[in-house]
1. Can you give the net charge of the other residues whose Cβ lies under 10 Å from the Cβ of residue D:57, counting K and R as +1 and D and E as -1?
2. Rounded to the nearest 0.05, what FRET efficiency is calculated for residue D:79 and residue C:54 with R0 set to 30 Å and r the Cβ-Cβ distance?
3. Among B:52, B:21, B:39, which one shows the highest mean-square fluctuation when chain B is modelled as a Gaussian network with alpha-carbon springs under 10 Å?
4. How far apart, in nm, are two points set 7 Å out from the Cα along the Cα-to-Cβ line at residue E:2 and at residue D:8?
5. What size of dipole, in debye to the nearest 20, comes out for the stretch E:2-94 about its Cα centre when the only charges are +1 on Lys and Arg C-beta atoms and -1 on Asp and Glu C-beta atoms?
6. Whole-Hz Karplus ³J(HN,Hα) for the stretch E:37-52, in order, using 6.51 cos²θ - 1.76 cosθ + 1.60 and θ = phi - 60°, x for Gly and Pro?
7. Taking θ as phi - 60°, what are the ³J(HN,Hα) couplings along the stretch C:75-88 by the Karplus curve (6.51, -1.76, 1.60), each to the nearest whole Hz, with x for Gly and Pro?
8. If we count other beta carbons within 10 Å of each Cβ, what is the order of E:57, D:29, fewest first?
There are 6 protein chains.
Amino acid sequence: MDCRIIKSPGENTLAILNRRKGSKEELGTPDAVGLVQGKLIEMICATDVAEKAVGVTIEDIRGSCPQNMILLAIFGDTASVTAAIEEIKRREKNGQW
Amino acid sequence: MDCRIIKSPGENTLAILNRRKGSKEELGTPDAVGLVQGKLIEMICATDVAEKAVGVTIEDIRGSCPQNMILLAIFGDTASVTAAIEEIKRREKNGQW
Amino acid sequence: MDCRIIKSPGENTLAILNRRKGSKEELGTPDAVGLVQGKLIEMICATDVAEKAVGVTIEDIRGSCPQNMILLAIFGDTASVTAAIEEIKRREKNGQW
Amino acid sequence: MDCRIIKSPGENTLAILNRRKGSKEELGTPDAVGLVQGKLIEMICATDVAEKAVGVTIEDIRGSCPQNMILLAIFGDTASVTAAIEEIKRREKNGQW
Amino acid sequence: MDCRIIKSPGENTLAILNRRKGSKEELGTPDAVGLVQGKLIEMICATDVAEKAVGVTIEDIRGSCPQNMILLAIFGDTASVTAAIEEIKRREKNGQW
Amino acid sequence: MDCRIIKSPGENTLAILNRRKGSKEELGTPDAVGLVQGKLIEMICATDVAEKAVGVTIEDIRGSCPQNMILLAIFGDTASVTAAIEEIKRREKNGQW
């Protein structure tokens, strides 16, 4: 799994995420966006970890034809996004899913 | 084949599964979700094993464009889901399909 | 090519096959299902072998986006499905296509 | 490139080809079908070789999502189809495209 | 990148290109067709080289689902198409894009 | 990640980009186009870097079915596009995302 954090994401960056996300709710202007990319089965486990974290919103992002891959976007303040990403990495490393 | 079990899956996790499943019946709030990912031919055999197990419901989950891959989601109480996943692993290991 | 046989396929297994098959005729409840997965060119040759066998019905099954792969499903009584699968394996082994 | 010839193709085999071909003209019942599978650029060159051969009809066949792959189907009497396939193989071997 | 030139392309060859091209203008009957296949980023650079060449028309050709691949078709008289293809090869070799 | 710059892009090149871009705004005739191709997660980070650069416009470009790949196109005067591309390369090299 690849994990990245974008602080103060710009307008175009949010527009690309908005055009490709699964739900239809408009994004606001989050402080930070965490991104996680991997196999579908890993992404669903990562979603579950992230949504049990505090203070973040989660969206699945489609590539145009992302095979069995989706991208997970985690929105929130920088500390919460960082904490969620750290928890995902910790679980993956320890094989706790 | 990759196999995972999520206990007490959160709301977003179920929403992602709901948006991508083959049937149109709404999921309830299962105790656990078992996930199995592999080649289409393996998934169909795993479906057959899982549905002959007791106390679980089965759905095939699409990635946006999962080539010959689908993800199998097995819903039910934790013990039943675990038993179904164990049976799938046992069959695969013994080449019984 | 991968070949598998499912005896007395369950309801969900048949539902997944029904949702993904090329023709629009409803499947009944066959005794057995033979599955063959490989490259498109191989699948078309396997179709031709299977349909010259006795007592089986054939369907091509789509993954959501199976590149050049399709899955061939062969329905019928267990003996006929087994015979068709054996003939496909024999032809492939002997390079008779 | 993979090349195969099916003699006296059965009804299901022709039905699968019919469902996936590019043009809308119905196929008759040809004596033989030649199949060629490779990269898109090779298939277009093979099409050009085949249609300059005598006594054959050509169709491009889609897998459900065949990336940059299409399958070329060459219909006609057995001798003509064999001659067209041989010419395609000869050109590829000699790098004459 | 793969590059090929077809001289006096036949009717079926042009029909396959016509069915898959990006623009809606009907092709005439060009003397020659140059084909270039590579990654999307390379194809866009090759398009720019080709359209600055003299006497050729350019089309992007889709495979059914060509991932990040498109095929570039360059139409014109044999000398112009050959010159355009040579310029594309020269640029790629010299890393001039 | 692959990065390229096209100076004074031609009409066909812009037409191909126009047909495949995510937003619906018509492109003008930019002095230069910068292209960046990589994994979806990298592209979103590159978008954020590019849009914090001065004097450029950004579009995501779809291949027909680009899996988890998109192509980023950066439009503007030659100096601005070059600066944005350099910043993207620098960040990637230093692992600053």
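1. Details: positive: none; negative: D:25, D:51, D:59.
With Lys, Arg at +1 and Asp, Glu at -1, the neighbours total -3.
2. Details: r = 30 Å, r/R0 = 1.00.
FRET efficiency, residue D:79 to residue C:54: 0.50.
3. Answer for the Gaussian network model of chain B: B:52.
4. 3.6 nm
5. Details: 13 positive and 14 negative charges, 58 e Å.
It works out to roughly 280 debye.
6. Result, rounded to whole Hz: 10, x, 6, 3, 5, 6, 5, 5, 5, 5, 4, 5, 5, 5, 6, 8.
7. 9, x, 6, 4, 5, 5, 5, 4, 4, 5, 5, 4, 5, 5
8. Details: E:57 18, D:29 10.
Fewest to most other Cβ atoms nearby, the residues stand as D:29, E:57.
Only the coordinates and a few stated rules stand behind these numbers; no lab work does. Being a predicted model, the structure only gives us computed values, none of them experimental. So basically every Cβ, Gly included, is an ideal-geometry build from the backbone, and we count neighbours across all protein chains shown.
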